Structures are given as C-alpha cells and as structure tokens.
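Data block below; observations after.
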Amino acid sequence: MLCLAGLQGGFAFWDMIPFMKGILTTAILCAFKKVYWEGSHMAHFENKLIKKFQQLLLILLLFIYIYGCAPALEEKQFQPPETVLSDNPCLYSESVGARSQGYLYKQDNTQWYYYINGDNNNESLPANWRNWWYVYLNGVPVDREISFTVYNGGWPLYYMPVYSYDEVNWYRLDESEVSELEGYTWHILKKFEKPAVWLARFYPYSTNDLNKYLTKIKSNVNVRLSAIGKTRQNHPICMITITDFTNPDVNKKRVWIHARTHPGETPPSFLLEGLIDYLLANTTDSKTALSKLIFTIVPMQNVDGVMAGNYRSNTDGDNLEVMWYYDPYNPSQIDAGSPLEVVALHETIQRLISSGPQFTIALNLHSANTSANRHAFFITHFGPTTRGYSDMESSLWRKQVKFMNNVAYYYGAQFIEPPARDGGRDFLNREYPEKWWWASQKDSVMAITMETTYGRAGNRHNWITPQDLYELGIATAKAIVDYNNSLK
Ligand SMILES: [Zn+2]
C-alpha cells in the first residue's frame, strides 16, 4: 500500500512530470519501508552487510531523485523573458512564420503529396482563399526524380513554384518540371541536389525577413520605427516613417503605403525593400525627395496571418481588405467592431490627418492571381466626365492615371498594364480602404491599389523574381516623387 501510495503521491505531487518521476518516488518509498519500517519490526535481523547496502541504495536513490528531478522542475517553471530590443519596437519574436497549413503525405521518398487547406485549417472558407503553400521535404533522394503533387488549390491559373535548400536562396522551377493537372492540381517532377528541400508557391517573405530588413534600416537618420497597434495575437503592427527629420514638416507632403493585408501575397514586400532603399540611398534625388515628403509605411498589416501561413485572412479568418467599417456620415470614426489591424491603421491615418501635413497618396499593395503573362496593374476608380462622372470623381481618376503613367515610365511601359478607360464604381460596393479614403479625403488623396503579379512579368519577360519586384519598388518611389512634384 505504501508503495502504491508513493506511486500515486508521485503523480499527484509532481502533477505532469513524466512517469519516470513517479516510479522514482515509488522506489524511494519502497526502499524507506524496507530499511526503517520493516527493520523496526525485525530486531533479530542480523545481516548488517545487507542493511548497509540498503542504506547506501537509499542514499543513491535520494541523490538521483533530487538531482534528477530538479532540472525538470526548473524547466517547467521557467518562463523565457520576452525578447525586446528597445531601438526596434517592431521586432517580432516568432522565429518561423510563413509556413502554410495543410497536409503533407509521403508515400515513399519519391512520391510526395500536399493538400492545401483553408486559412487556419478552416475548410469552410471560400475556395479562392486557398493559394499559398510553403512546405519542407526531408529525406529527398538526390539520385532520382521525385514526384510532388499539390491538391486543392483555389485557382486554376498556371504558376511556377520555387524551391530552396536553405530557405535563404530560392530558385524557380522550370516550366518543363511543372504541369497543371485536372482539378486545380499541380504536379512537379524534379531531381533535387540535396535531401532537404523547401518548396513554395512563390518566394516567401516572413516576419523574420521583415526583422532582418528593419534591423538593417533602423539606425538610418531618416528612419523612425514605431508600433501603431497590436494584433489579436499580440504582435506589433509596425510603421516605418521616412523623411528628412531635420527639415520642418510644415512644407512637406505625406505619403501612405501599406502592404501584406493579404498575408500570402509576398511580392509587395520585395517591392517595398526597393522603394525604401531608393529613398535611403543618400543620393541627391533621394535627399531632395525626403526634404519634401514624409513616407509613412506599414510593411505588414496582417502580421498574424503571415505567421500562421495564411493566404487571405488573419487568425480570426477576417479578410481585412474589406473590413474598413466606418460611419458614412463621419469617416473619422471607425466601427468599434472592426478588426484590430484595421483600427490601428485607421487611427494612425486619422491622427496624421489631424496633425498634418496633408496626405497626397495612399498606396495599397497587393499581388493578384492572373494568367502567367499579365503584368502589374492598378485598380482605378471612376472615369472621365465624358462617361458621366462628376468633376471630383473624374479628378481622382485622372490623378490615378497620372501616377500609373509615372510608374510605367520608370519601370517600362510594356511591364505595366495600361489603365482601364473607365475604372467604375465597384470599389464603393465593399468596405475597401480606398472607399474609406474617398469618403474621408475625396480627390485630395490619390488612393489606389497596386497589384503585382507572379508570372512571366519580369523585366525580361522571365518568371518574375524578387529583384524584378525590387526594381518595380524603385520605379514606384520615383513615380511618387514625380507625382508630388507635379502638384500645385
Ligand atoms: Zn490582395
């Protein structure tokens, strides 16, 4: 009984400590019983050698018990301190990020299958929310081709995945290695060079990548980082302010840019690095630009979604892009029930509108699923007065076209889709940020969504690379500067 009580006591007392600790408790109590309890009733027991051995065993067991258990207890109670760098309020503690959810099956080393699941493993989300995947294959043979099949994609459009052996250097697969099968299914047949392979729908850009970039720029005299809010998962939403801080704000104009509302759309992150590097290059042009402009950039609105490996939504399944719920009679007020990521952006914009200087541009960066040969494009609003739009509506449309033409001028007109003749009013049908900007600032802010693409839209009509997107970012920065210079 005493032994059993010891076993039970071991579990009760140590709660969730592994089974071996209970066994050890039992062994100690059993040894105690043998040496002292039974010993007291067996006064005639004369074999002192055995008794000494039992005492030694007891001491040994106590030694193992104390030193064997102590580290486990320490491990259980230890809470690592949150990593904080005081000079970077945007640092993300998550070390992985961007890996997709879904199911990976290995039939044998040469036959692999991946089933794309909905964001947050929610099967009930719309099919076209399933497009991002990012997986790790371990044990890939290097002496023969492997077959990797991706099921349950949400889009029928052909694309070219990427692969890596170290998650740093990424390469495009070749069109001869990727085929699209029936039923939104892709099949990859390739001989890899190393047994550890990462495969992804497109070049990943995680919170780790953002950390690295922010660490690189945070000490620049023209940069200030701030956290403008926290997500549901308590991660900071970062804002980068870039200007010449020695020049008074009063004569400047302000530019707003945000990206990664849709977490799986990684191309805008590469674009932003090009845009920001251009502004911080300390050239005559960049110094002039920063003396006149303040860039306020949120590089990753949907941090939680990025960390979760989602394509479209945050960890609540919210598509933040259409959740700018505001009072139509007073757009300065955002609905209390709006997602935290929308509230953070809205409150920041509202605060900056109140403090000045005036915003002139609001860029909303995305990446669209398109046919492989489509280039980057813009979603314009309204159209010319000749098509029935008011003067103010037409003014916004003309400003958008002017900006688009600036980007095309610097990036290459053949690599930007031409503007629609009539952008229409569709954007007013859902709660997009551009609808909010229109309600709040009318045509004084050229608010527009820019859609990069994933296909053969590179500078040389190759499958687009991060470098192509980086260069598109430089062109976008120059277009922003020119646009502002052209304003009265
Ligand atoms: Zn998007």
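The values are calculated or read from the model by the stated rules, or taken from the named source; none is laboratory data. Values in this document were obtained by computation on a predicted structure and should not be read as measured data. So basically every Cβ, Gly included, is an ideal-geometry build from the backbone, and we count neighbours across all protein chains shown.
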Revision key, fill the gap. By residue number, the members of segment 439-452 that are under 12 Å from residue 396 (Cα atoms) and surrounded by 22 or more Cβ atoms within 10 Å (Cβ to Cβ) are 445, 446, 447, 448
Review point. So residue 332 clears everything in (1) in a loop (DSSP other than H, G, I, E, B); (2) of a type outside the set (Asp, Glu); (3) at pLDDT below 95; (4) closer than 21 Å to residue 255 by Cα except one condition, right? Which one?
Key: (1)
Check your understanding: What tally of residues in segment 270-289 results from selecting those that are away from the ligand (no atom under 16 Å from the Cβ) and surrounded by 23 or more Cβ atoms within 10 Å (Cβ to Cβ)?
Key -> 4
Practice item. Hey, can you tell me all the residues within segment 300-332 that are among the polar types (S, T, N, Q) and over 9 Å from the mean Cα position of the chain (by Cα)? Key: 313, 314, 315, 319, 330, 332
Study note, to complete from the structure: Taking segment 307-329 and keeping only residues that are at pLDDT 95 or above, within 15 Å of residue 264 (Cβ to Cβ) and not in a loop (DSSP other than H, G, I, E, B), one is left with 320, 321
Exercise for review: Those residues that are within 16 Å of the ligand (Cβ to nearest atom) and either assigned to a strand (DSSP E or B) or of a type in the set (Ser, Thr, Tyr) (or both), I need them from segment 250-269; list them, please.
Suggested key: 257, 258, 259, 261, 266, 269
Exercise for review: Being closer than 27 Å to residue 374 by Cα and out of contact with any helix residue (DSSP H, G or I) (no Cβ under 9 Å at 6 or more places or on another chain) narrows it down to one of 163, 184, so name that one.
Suggested key: 163
Study note, to complete from the structure: Checked segment 333-389 for anything without any contact (Cβ under 8 Å) to a residue 40 or more places away in the chain and hydroxyl-bearing (Ser, Thr, Tyr); matches are 338, 354, 355, 385, 386, 389
Point to revise | Qualifying residue in segment 348-362 (condition: touching a strand residue (DSSP E or B) at 6+ places or on another chain (Cβ under 8 Å), within 15 Å of the ligand (Cβ to nearest atom), at negative phi and modelled with pLDDT of 95 or more) | key: no
Exercise for review: Please work out which one of (1) under 25 Å from residue 168 (Cβ atoms); (2) within 16 Å of the ligand (Cβ to nearest atom) is the condition residue 324 fails and give its number.
Suggested key: (1)
Practice item. Output yes when any residue across segment 391-399 is surrounded by 15 or more Cβ atoms within 10 Å (Cβ to Cβ) and not in a helix (DSSP H, G or I), and no when none is. Key: no
Exercise for review: Would you please list the contacts, defined by Cβ atoms under 6 Å and residues six or more apart or on different chains, that run from a residue in segment 439-455 that is of a type in the set (Gly, Ala, Ser) to a residue that is away from the ligand (no atom under 12 Å from the Cβ)?
Suggested key: 439/331; 440/331; 447/362; 447/434; 447/437; 455/372
Check your understanding: Any residue at all in segment 433-444 that is assigned to a loop (DSSP other than H, G, I, E, B) and either modelled with pLDDT under 95 or within 16 Å of the ligand (Cβ to nearest atom) (or both)?
Key -> no
Check your understanding: Across segment 456-488, which residue is modelled with the lowest pLDDT among those that are aliphatic (A, V, I, L, M) and within 21 Å of residue 173 (Cβ to Cβ)?
Key -> 457
Revision key, fill the gap. Those residues of segment 364-393 that are within 16 Å of the ligand (Cβ to nearest atom), in contact with a helix residue (DSSP H, G or I) (Cβ under 6 Å, 6 or more places away or on another chain) and not hydroxyl-bearing (Ser, Thr, Tyr) come to a total of 3
Check your understanding: If you scan segment 270-285, which residues turn out to be in contact (Cβ under 8 Å) with a residue 12 or more places away in the chain and in a loop (DSSP other than H, G, I, E, B)?
Key -> 280
Review point. Residues of segment 98-125 being within 17 Å of residue 316 (Cα to Cα) and in contact (Cβ under 8 Å) with a residue 60 or more places away in the chain, which ones?
Key: 98, 100, 101, 119, 120, 122, 125
Review point. Assuming residue 366 fulfils every condition listed in (1) surrounded by fewer than 17 Cβ atoms within 10 Å (Cβ to Cβ); (2) under 24 Å from the mean Cα position of the chain (by Cα) apart from one, which condition is it?
Key: (1)
Check your understanding: If we scan segment 446-463, do we find a residue that is in a helix (DSSP H, G or I) and either within 15 Å of the ligand (Cβ to nearest atom) or not aliphatic (A, V, I, L, M) (or both)?
Key -> no
Check your understanding: How about segment 385-442: which of its residues are under 30 Å from residue 330 (Cα atoms) and in contact with a Lys or Arg (Cβ under 7 Å, 6 or more places away or on another chain)?
Key -> 392, 422, 427, 428
Practice item. Would you mind stating whether residue 420 is assigned to a loop (DSSP other than H, G, I, E, B) and either under 27 Å from the mean Cα position of the chain (by Cα) or not charged (D, E, K, R) (or both)? Key: yes
